[in-house]
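Below you'll find the structure, written out as structure tokens, and then a few comments.
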Amino acid sequence: MKKAIFLFLIFFFVQISAQEKLMFWPKGEMPNSKILASKTKKKKILAELKEPELFAFLPPVKERKQMSVIIIPGGGYSKLTYDEGAFQIAKWMNTLGISAFVLNYRLPTSSDLVQREIAPLQDIQASIKYIRKNAAQWNISPNLVGVVGTSAGGHLAASVSNITTDYTDLKGDWTSISTIPDFAVLFCPVIDFGEFAHKGSRESLLGENASAEKITEYSMQNRVTEKTPPTILFHNQDDTAVPPMNSILYYKAMTKNKVKGSLFIFPKGGHRFFVTDKDPLSENWKKLCSDWLETISNK
């Protein structure tokens, strides 16, 4: 009897901790892919194709709010650092009653891409459309879908917040669904590709010999307008990987364009914001973020 109860408990907790994996591109419609565009598809090559996906973290239905977020991991556009924040933040969002979806996006360094710099943007745009289109099945609102970006993921979150061109190429009823998020949360974001750039992110996205025009175009402080969604930014003063000037430049552009939001820069913490941080000052980001999100959900 005890053994049966023990096995049941193991099964129960495994079911709770297991996260649903969602393939958000309609089959055969993912753009910007040499393999999908090819008429001759070899099985070996197809097996190597890694399509982007979403990992769904859903709070209990009784505790679930209308708000949801898509969490975009960092990694300098050359890898995806799930374990260094994305899954942690998703589970923390669940404690607030917020549904979270972690995005596994295509990296611009992939040899499958036709145009490298728009692939991550296509994936976040398509995932926003997917969440909005299917919001009813998760009991969430299609009008309270935000993005949370860390490091290079912050650059992608800022990009989808400001680039209005729909690069998904999705047809039919997909065309009427907006790609712009309702709000954004940025942690140590890569914003500037010029003087204060994280060179690894810039080179992975744009290549080693990016033109001055491309650098200006993909420096997100230059893309902010009055239509940029409300945004909260967190950075650490001692961040040597992505200088805090990145967040300052973005917030300055927000202020100039009268975009609602907040900026918090803590004295130490390096290039990270973890849910498990115990620093008596910087751990306050959780309350600040929670309170700010509450103002967004009550708008």
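Values quoted throughout were computed directly from the atomic coordinates according to the rules given, and no laboratory measurement underlies them. Source: prediction; values computed, not measured. Here the Cβ positions follow ideal geometry from the backbone for every residue, glycine too, while neighbour counts run over all protein chains shown.
Odds and ends about this structure:
- Rounded FRET efficiency, nearest 0.05, which uses the C-beta distance separating Asn139 from Ala212 and R0 of 45 Å: 0.40
- Global geometry of the range 69-214, whether rounded, prolate or oblate, following the gyration tensor of its Cα atoms and the 1.5 cut on a/c: oblate
- Label-zone membership for the range 73-111, site Val61, 7 angstrom Cα→C-beta point, backbone N under 18 Å: 97-100
- Derived scalar couplings ³J(HN,Hα) [the range 271-281; Karplus, 6.51 cos²θ - 1.76 cosθ + 1.60; whole Hz; x for Gly, Pro]: 9, 6, 9, 9, 4, 8, 4, 10, 4, x, 9
- Shape call, the range 151-299: gyration tensor on alpha carbons, a/c limit 1.5: oblate
- In order along the range 233-238, the phi-based Karplus estimate (6.51 cos²θ - 1.76 cosθ + 1.60, θ = phi - 60°) of 3J(HN,Hα) comes to 10, 10, 8, 10, 4, 8 Hz; Gly and Pro are listed as x.
- Spin-label pair Ser110/Lys286, simplified geometry with 7 Å Cα→Cβ offset, distance in nm: 3.4
- By average C-beta atoms within 10 angstrom, highest first, the peptides 113-120, 61-68, 277-284: 113-120, 61-68, 277-284
- Principal axis extents of the C-alpha atoms in the chain (largest first, rounded to whole Å): 70, 58, 34.
- Sorted on the mean count of surrounding Cβ atoms within 10 Å across their residues, most packed first, peptides 268-274, 22-28, 242-248, 148-154 read 148-154, 242-248, 268-274, 22-28.
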